[in-house]
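Q: Let me give you the structure first, and then I'll get to my questions.
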Amino acid sequence: MLPSCWNEVAKKKGKAMNNSRFVRRSNAWCIRIACAAAIMIMLGSKAQAACDFPSNPPANSVVTCSGVTTTPFQVDNIPGVQVTNTGTWNGAGDTFLMDFRGADLTDSVLINEGVMNWTDAFNPTNASRGAMSKFFNTNQATFAEAYNRPGGILDVSLDPAQASANASAIGGLVVQSRGPNGAMVASNQGQINVASSAGDDVGIYGMIVRADSTVMVENASSGSITVERGVPNANFSVGILAEILDDSTIPVSAVIDNSGQINAATSNSNAVVGVGVYMRQRLPTIGNQPGVHTLDNTGTIEASGGTVAGVLFDDGGNAFPDITVNIDNSGSIIGNGADFSSAIFIDGAAIADTSIFNTGQMIGSVFTSSGNDIFEMLSGQITGEFFVFGDGSDTFDLIDGLVSGLLDGGDDADSADGMIDALNFDTFTGDAPEFVNWESVNVINSAAVSFATDFTTETFSTDATGTAIFTDTLAVTGDVMNDGAIDMVSPDTTGTATIIGDVAGTGALELGVNVGSDRADVLSIVGDTSGSSIAISPNSVDLQLATGNDVLVVEVTGTTSVGDFTLPDGSTMQEINGVTYELSLIGSDWFLTASGSPGGFNALPVPTLSTWSLVLLIGLFLLVALVGIRRS
Ligand SMILES: [Ca+2]
Ligand SMILES: [Ca+2]
Ligand SMILES: [Ca+2]
Ligand SMILES: [Ca+2]
């Protein structure tokens, strides 16, 4: 037989996936499967059956089930069996369809290409159960795979009359690999539907994929997962759960790749929790092995109802060290809850370092934990009430796209606690969203950003190519390092921005000036300017003749010294509307004063006729006089 994950890997390579770890890992597994397959061909038996092939075939059998059946197919403590359903398989009540159990299920492969219906489902056992397969907790499957192929349908509906009989979760595809450092691969390329219409006190799941060390889950572009709970219930309704269990002696990882549709819908009751993709590391590894949890989403993940998360990570409240969560979204992640809406929720008890790369759409808030988190907003749109990064030194890079909601770096805006959050406007052009609790705010790499809402930070900076546009009356609390440009130009020269902190840097300060009415945009600095050499650039807003009166441009309450500000190119002189002005320090305030007479000299109005005009006029008079003399 062909290794069943071979096609998956080929397809991923064809997609030019950038997640090379995923491909490398897949290749390693496929080599193992290829070997197992070769052994099967040499040793195994092959059977065709209308879902009535006797259970417990020899090891390494390849079993195909067709036709219609209601008989469970059991594999008990037999390694290397591959079972494929191509027909229609109906089960009802407390039952299994494909039932894998026992101590050794290594290299089991479960495939559905037909229809598997589980109606009136209930689960009185203490272990979760799915329409398609179940491995008990005692299993020792060091590697196993499960596929719902294109066209395959897994349909589960819970029995309302048996609501109280349920003891554990019910799902569409439920598999786990519990051997030493076990690995589990599962892929949905067809349809999975799980529905509950009664108050069943049990979690319902499209897919549950678990292992001690390694989990790989795919919902392919042809895949759709719908989990729907019609009535209030405190338990979970989840599209995909990818969970690392316990006892791994090697670093653990879970990779989820969604390019299809995932919808987890609950009723609008507050207590109802709906989750599109649930990433979890529940129990301790041996020796606190590092854990990496990765979601690559190019499709749609949506959770709707009462309290919802498009994507959720938790570590069972264990605060495991050395956990990394990576989310790459170029599709849609939507949390649409009546009471609580999050697109991404990293449980606050975890200390995971979370990295999020977004080029797609997110609707709903984002919460990360006390780790050091990174959010790269590369393009697309995120719309939510809050984007909260919590404790730890976190970074938000706004490069392109639209952010609608409050960006909250967490902890405070002070580095004394050792937690220093950086908000970087990197090449971004547009309006800054509202933000709080960032120790460092930076406008870099040719970014041009308008700031309309007062903010507090420890250090605000522009690099040599960055422009910060301050709207009228903006107040910035924090020190400012301006190596690029602060642009306060307002057409009516009424800008009165305030910096409550020290100012330094070698950049520019763009102001609007009206030298006809002795007015300019004024920057107030409640602090010192020592050591700076900022070039004030007065931009005349109209052509009114200059009065030559003093014009205030910068006021400083602390210390400021000659040379801290200049005019462009290090000059101290500039002609504006016919009068040469000089930048003068008077007290601790900076004025434009008519050249040579700092301190209030009222220059005479500039003559309306130039000297050349006068000469021309005098010449004309002389000419007229000469002509008059000759005629007389
Ligand atoms: Ca954090
Ligand atoms: Ca923080
Ligand atoms: Ca902070
Ligand atoms: Ca802090």
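The values are calculated or read from the model by the stated rules, or taken from the named source; none is laboratory data. Here the structure is a predicted model, which is why all the values come from computation and not from measurement. Glycine gets a Cβ as well: all are built from the backbone with ideal geometry, and neighbour counts include every protein chain shown.
Yes/no per residue for (1) of a type outside the set (A, V, I, L, M); (2) at pLDDT below 95:
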residue	(1), (2)
Leu241	no, no
Ser248	yes, yes
Thr285	yes, yes
Gly299	yes, no
Phe313	yes, no
Thr324	yes, no
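Q: When you go through (1) of a type in the set (Asp, Glu); (2) in contact with a strand residue (DSSP E or B) (Cβ under 9 Å, 6 or more places away or on another chain); (3) within 11 Å of ligand 3 (Cβ to nearest atom) one by one for Glu376, which number turns out not to apply?
A: Status for Glu376: all satisfied but (3).
Q: For residues that are buried (at least 24 other Cβ atoms within 10 Å of the Cβ) and within 15 Å of ligand 2 (Cβ to nearest atom), scanning just segment 391-409, find the one that is nearest to Asn445 (Cα to Cα).
A: Residue satisfying both the conditions and the ranking: Phe396.
Q: Out of curiosity, is Val308 touching a residue at least 40 places away in the same chain (Cβ under 8 Å), β-branched (Val, Ile, Thr), assigned by TED's automatic domain parsing to the domain that holds Ala265 and within 15 Å of ligand 1 (Cβ to nearest atom)?
A: no
Q: Within segment 365-378, identify whether any single residue is assigned to a loop (DSSP other than H, G, I, E, B), modelled with pLDDT of 95 or more, more than 16 Å from ligand 2 (Cβ to nearest atom) and of a type in the set (A, V, I, L, M), and answer yes or no.
A: Yes, segment 365-378 has at least one match.
Q: I would also like to ask the following. Among Gly619, Gly578, Gly599, Gly628, which is at pLDDT 90 or above and either of a type outside the set (A, V, I, L, M) or in the same structural domain as Ser524 (by TED's automatic domain parsing) (or both)?
A: Just one listed residue meets the conditions, Gly578.
Q: With respect to Ala163, is the statement that it is in the same structural domain as Gly299 (by TED's automatic domain parsing), closer than 21 Å to Gly91 by Cα, among the aliphatic types (A, V, I, L, M) and surrounded by fewer than 22 Cβ atoms within 10 Å (Cβ to Cβ) true?
A: Answer is no for this residue.
Q: Among (1) under 18 Å from Thr457 (Cα atoms); (2) polar (S, T, N, Q); (3) more than 15 Å from ligand 1 (Cβ to nearest atom), which single condition is Ser393 missing?
A: Unmet for Ser393, out of (1) under 18 Å from Thr457 (Cα atoms); (2) polar (S, T, N, Q); (3) more than 15 Å from ligand 1 (Cβ to nearest atom): (3).
Q: So Pro54 ticks every box in (1) under 15 Å from Tyr147 (Cβ atoms); (2) at pLDDT below 90 but one. Which box is left unticked?
A: (1)
Q: Hey, can you tell me all the residues within segment 391-441 that are more than 14 Å from ligand 3 (Cβ to nearest atom) and over 20 Å from Thr359 (Cα atoms)?
A: Glu434
Q: Continuing with this model, one more query. Does Phe340 qualify as being surrounded by fewer than 19 Cβ atoms within 10 Å (Cβ to Cβ) and in contact with an Asp or Glu (Cβ under 6 Å, 6 or more places away or on another chain)?
A: On the way: surrounded by fewer than 19 Cβ atoms within 10 Å (Cβ to Cβ): yes; in contact with an Asp or Glu (Cβ under 6 Å, 6 or more places away or on another chain): no.
So Phe340 fails the test.
Q: Continuing with this model, one more query. So is Gly418 within 11 Å of ligand 2 (Cβ to nearest atom) and in contact with an Asp or Glu (Cβ under 6 Å, 6 or more places away or on another chain) or not?
A: No.
Q: Still on this structure: Kindly indicate whether any position in segment 202-222 is acidic (Asp, Glu), under 25 Å from Gly114 (Cα atoms) and in contact (Cβ under 8 Å) with a residue 24 or more places away in the chain.
A: Yes.
Q: Right, next: Return the only residue of Val526, Val515, Val522, Val503 being of a type outside the set (Ser, Thr, Tyr) and surrounded by fewer than 19 Cβ atoms within 10 Å (Cβ to Cβ).
A: One residue alone meets the criteria, Val526.
Q: In addition: Identify, please: which residue in segment 164-182 is part of a strand (DSSP E or B) and polar (S, T, N, Q) and is, among those, nearest to Thr119 (Cα to Cα)?
A: Going through segment 164-182, the residues part of a strand (DSSP E or B) turn out to be 170-177.
Add one more test, that the residue is polar (S, T, N, Q), and what stays is 176-177.
Details: Gln176: 23, Ser177: 26 Å.
Looking at the filtered set, the residue picked out is Gln176.
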